[in-house]
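Undergrad: Mind having a look at this structure? Questions to follow.
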Amino acid sequence: MNTNLGNSTNPANNYALIIGISHYRDDSISNLSHTKADAQSFHDLLINPRRVGFPEENVKLLLDEDATRFAIEDAVCRWLRSHAKPSSKVVVFFAGHGSAEHDHSGEDESITYMLPHDACANNLFASSISTGRFQKLLASVHSERLVTFLDACHSGAFEVQGARRVAVKPACYSHLGKGKGRVLIAAAQANQFSFEDDVLGHGIFTHHLMEALSGKADYDNDGRVTIQEVFKYLAEHVPETVRKLGKQGVQEPLMEGVTTRDIVLAIDPERIQKIETETQRREEEKKNQYRARIRMLSDLRADGQLSVSVFHEATMLLESEPENLDRKQKRLLANLLSLLNGGMNSYLYLGNREAILGQEDPLAKEAAAGEDRVEPHPEPHPPELPMTPAAKNQFCIHCGAPSKPIDSFCTQCGRQIDD
């Protein structure tokens, strides 16, 4: 059973970096209540063999004081870069504060940051990781399927209770969704808050993210949760929960990036095994049914009820996918299945077949010419019986006058009736 992220067949080929920061070294940066718990719970979900199944040694967890700027950058550009291959699936998760400030270099209107544990509020440029730099770090990782979950926001002010942000920003995530196979799912849109809640014990985004990966986002019930299904679940449930909990703001997740194929983020091995078992059972039933039908056709052929050409036509219809048949062929197949299911006998089947084909069909012409035709064979309609003299002499064949069966000459014109 394949219990790994995405479409790789080797679980050992997948890696994750998980970062959660609740407490900051700089006292002017407000602490968060549940980001550390978010990261730890997400870590536990990733290494759960019944959900995602990453090898524990392939998942690096950085919490609070271990999540410094150097440690985060080193984990990406050295650890992930040296281990991940193009075929690897890589997940990056960050829960903590974000911030934004005016870009003093003049290249952009503003610059956005992910705040590490050792960030300095009055010098974010020197102490934090800009989203642009983080994108460059991720670009050094050669995986063609890399998903980033960002439970932070970069809008608002410190005094808004329970929101993961530092300063106002006009734009936020344009960098992190760039690159082949790179997808970002963020907790909130630009200028929105990413809320956490004491009752949930998590950030609202992460709470629903773990629900999604635990199976609630498996909309098609195929045992696999894809990135598209995850985002659909988050987009439906995060804003609703924020509203129900009475948070002072709006929170709407967003997704950036394009991938040529959907990425599987979690699986349910029991569900997949059940589907595979049911599929195998149906395939075996289909094979047995096909063999039984071929035997029936062979018996009809051996009994002289079907010609060789009709037999081959029938086997061709049984071997074809119904969606690949034209209208006439579908009617022929329906007629054939009625025969094989006991709905009609071969006499009626052949009559219906000739009516469906008409006179332009080569097989109908062949049968009409007597080639490969089984004789004797019942006609589609009973043969007409020869008429008796009594039946023949109901009317004079010369003048049409009625006559009796015993009359030899017409009483009207006098001519001989039965000449």
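The values are calculated or read from the model by the stated rules, or taken from the named source; none is laboratory data. Because the structure is a prediction, the values reported are computed rather than measured. Every residue, glycine as well, gets a Cβ built from its backbone with ideal geometry; the counts of neighbours run over all protein chains shown.
Undergrad: Could you please let me know if residue 32 is in a helix (DSSP H, G or I) and either outside the structural domain of residue 113 (by TED's automatic domain parsing) or touching a residue at least 60 places away in the same chain (Cβ under 8 Å) (or both)?
TA: Against the criterion (in a helix (DSSP H, G or I) and either outside the structural domain of residue 113 (by TED's automatic domain parsing) or touching a residue at least 60 places away in the same chain (Cβ under 8 Å) (or both)), residue 32 does not qualify.
Undergrad: Related question: For the range 202-255, which positions are of a type in the set (Phe, Trp, Tyr) and closer than 24 Å to residue 36 by Cα?
TA: Once the filter is applied, which keeps residues that are of a type in the set (Phe, Trp, Tyr) and closer than 24 Å to residue 36 by Cα, the range 202-255 yields 205, 231, 233.
Undergrad: While we're here: Can you name the residue in the range 172-229 that is assigned to a strand (DSSP E or B) and basic (Lys, Arg) and is also modelled with the highest pLDDT among such residues?
TA: 224
Undergrad: Ok, one more. Within the range 48-70, restricting attention to residues that are surrounded by fewer than 18 Cβ atoms within 10 Å (Cβ to Cβ) and not basic (Lys, Arg), which residue is farthest from residue 11 (Cα to Cα)?
TA: By that ranking, first place goes to 65.
Undergrad: Can you name the residue in the range 230-261 that is more than 19 Å from residue 186 (Cβ to Cβ) and in contact with a Lys or Arg (Cβ under 9 Å, 6 or more places away or on another chain) and, of all such residues, is modelled with the lowest pLDDT?
TA: 260
Undergrad: Next question. For the range 84-120, what are the residues that are among the aliphatic types (A, V, I, L, M) and modelled with pLDDT under 90?
TA: Scanning the range 84-120 gives 100, 111.
Undergrad: Can you tell me which residue within the range 111-129, out of those that are out of contact with any Ser or Thr (no Cβ under 8 Å at 6 or more places or on another chain) and assigned to a helix (DSSP H, G or I), is nearest to residue 21 (Cα to Cα)?
TA: Ranking the candidates gives 127 first.
Undergrad: Next up: Among the residues of the range 320-344, which ones are in a loop (DSSP other than H, G, I, E, B) and either touching a strand residue (DSSP E or B) at 6+ places or on another chain (Cβ under 6 Å) or more than 15 Å from residue 354 (Cβ to Cβ) (or both)?
TA: Result: 320, 321, 325, 326, 341, 342, 343.
Undergrad: When you go through 212, 190, 235, 186 one by one, which is the residue that is under 20 Å from residue 51 (Cα atoms), surrounded by 15 or more Cβ atoms within 10 Å (Cβ to Cβ) and assigned by TED's automatic domain parsing to the domain that holds residue 101?
TA: Of 212, 190, 235, 186, the one residue that is under 20 Å from residue 51 (Cα atoms), surrounded by 15 or more Cβ atoms within 10 Å (Cβ to Cβ) and assigned by TED's automatic domain parsing to the domain that holds residue 101 is 212.
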